[in-house]
Amino acid sequence: MNPPTLHVRTATVDDMDLLLRWREEAADWLQTEHGTDQWNRPADRQRMVDWIHEGSTFMAALQPDGEPVATVTSTPHGSPVLWTEEELRTPARYLHKLVVQRSHAGRGIGTCLGRWAASHAARTGVTIVRYTAWATNAKLLDYYDRIRGRYVRTVPGFHNGALFENPVVPRDDLPVVEAADVLV
C-alpha cells in the first residue's frame, strides 16, 4: 500500500486538545477492538507540553497547512527505569505516542510517519531509534515484529515495558514534505 503524501510540521501548544482527544479515541479503540487497557490512564499533560516546547512532537497532514491526521514524538532521552545505563549512553532517539486519527487508519500513514521519524532521527546524527510497546497489546507486538522491530526485552512491572530498537539511516524515498519549522 502506498501511503498518501504527508506534510509534517512541529506541533504547537495549540495542538494539545487535538493530541489529547486522539489519545482518548485511540484508548477507546484499543479497548474495544483489541481488549487492551493501553493509554487508559490520564495523559501526562506537562510532559506532552514539554515535548512540544522542545520541538520533539510532530503533526502530519494530508495537505500543506491542512488539518493534522497523525502525530509522533521523538525525544533525545529515554527512561532510565526502562533502558540500561549503557543503552542510555548510546545516542538514540526515543519514539513515543505515534497516533493516527481513527478516520484515517489503515492507509499506511502510521508506518510512513514512523519511518519518517526514524529517518529524521538519523539526520540528527543518531544511528538508532528506540520505542516501547504495551506489553499486553498482542496486536502492537505483532505489528512491531512485521516491521522488523528488534525486540530488546520486556521490563517486568511496566505496562509499556516491551522494548524495541532499530538502526536508522536517512531516507529520501518517503512521501513526506517537511515544513520549514522541522529542524534537524
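All of Val69, Val81 fail the test of being touching a residue at least 24 places away in the same chain (Cβ under 8 Å) and either buried (at least 17 other Cβ atoms within 10 Å of the Cβ) or of a type in the set (Gly, Ala, Ser) (or both), apart from Val69.
Of everything listed in (1) on the phi < 0 side of the Ramachandran plot; (2) in a loop (DSSP other than H, G, I, E, B), the single unmet condition for Gln31 is (2).
Restricting segment 20-36 to residues that are under 18 Å from the mean Cα position of the chain (by Cα) and in contact (Cβ under 8 Å) with a residue 60 or more places away in the chain leaves a set whose member that is most open to solvent (accessible area, probe 1.4 Å) is Trp29. Hey, any hits in segment 119-128 for a residue that's over 13 Å from the mean Cα position of the chain (by Cα) and under 26 Å from Asp28 (Cβ atoms)? Looking for residues that are over 13 Å from the mean Cα position of the chain (by Cα) and under 26 Å from Asp28 (Cβ atoms), one finds none in segment 119-128, hence no. Return the pairs, sorted by first residue and then second, in which the second residue is of a type in the set (A, V, I, L, M) and modelled with pLDDT of 90 or more, the first residue lies in segment 96-123 and is in a loop (DSSP other than H, G, I, E, B) and open to solvent by 10 Å² or more (accessible area, probe 1.4 Å), the beta carbons are less than 7 Å apart, and the residues are 6+ apart or on different chains. From residues that are in a loop (DSSP other than H, G, I, E, B) and open to solvent by 10 Å² or more (accessible area, probe 1.4 Å), the pairs are Gln101/Val69; Gln101/Ala70.
If you go through segment 124-165 and keep only what is closer than 21 Å to Thr90 by Cβ, polar (S, T, N, Q) and surrounded by fewer than 20 Cβ atoms within 10 Å (Cβ to Cβ), you end up with Thr124, Thr127, Thr154, Asn160.
Pick out the one residue from Leu88, Leu82, Leu19 that is assigned to a loop (DSSP other than H, G, I, E, B), at pLDDT 95 or above and within 23 Å of Ala118 (Cβ to Cβ). Full working, then the answer.
On the way: Leu88 fails: assigned to a loop (DSSP other than H, G, I, E, B); Leu19 fails: assigned to a loop (DSSP other than H, G, I, E, B).
Answer to the check: Leu82.
What pairs can you find where one residue is in segment 135-161 and more than 21 Å from Thr111 (Cβ to Cβ), the other is open to solvent by 70 Å² or more (accessible area, probe 1.4 Å), and their Cβ atoms are less than 7 Å apart, with a gap of 6+ or different chains? That search, which allows pairs on different chains as well, returns Ala135/His159.
Contact annotation: residue pairs with Cβ atoms under 6 Å, 6 or more positions apart or on different chains, pairing a residue in segment 166-184 that is loosely packed, with under 12 Cβ neighbours inside 10 Å with a partner that is not in a loop (DSSP other than H, G, I, E, B), are Pro167/Ile128; Val169/Ala122; Val184/Arg123. Candidates in segment 152-174 are the residues that are under 14 Å from Trp83 (Cβ atoms) and not in a loop (DSSP other than H, G, I, E, B); of these, the one that is modelled with the lowest pLDDT is Ala162. Is it the case that segment 41-59 has a residue that's at pLDDT 95 or above, hydroxyl-bearing (Ser, Thr, Tyr), touching a Phe, Trp or Tyr at 6+ places or on another chain (Cβ under 7 Å) and open to solvent by less than 30 Å² (accessible area, probe 1.4 Å)? Yes: one or more hits.
The values are calculated or read from the model by the stated rules, or taken from the named source; none is laboratory data. All values reported here derive from a predicted model rather than from experimental measurement. Every residue, glycine as well, gets a Cβ built from its backbone with ideal geometry; the counts of neighbours run over all protein chains shown. Each accessible area value is taken on the protein alone, full model and side chains, heavy atoms only, with ligands, DNA and RNA left out. Shrake-Rupley method; radii C 1.70, N 1.55, O 1.52, S 1.80 Å.
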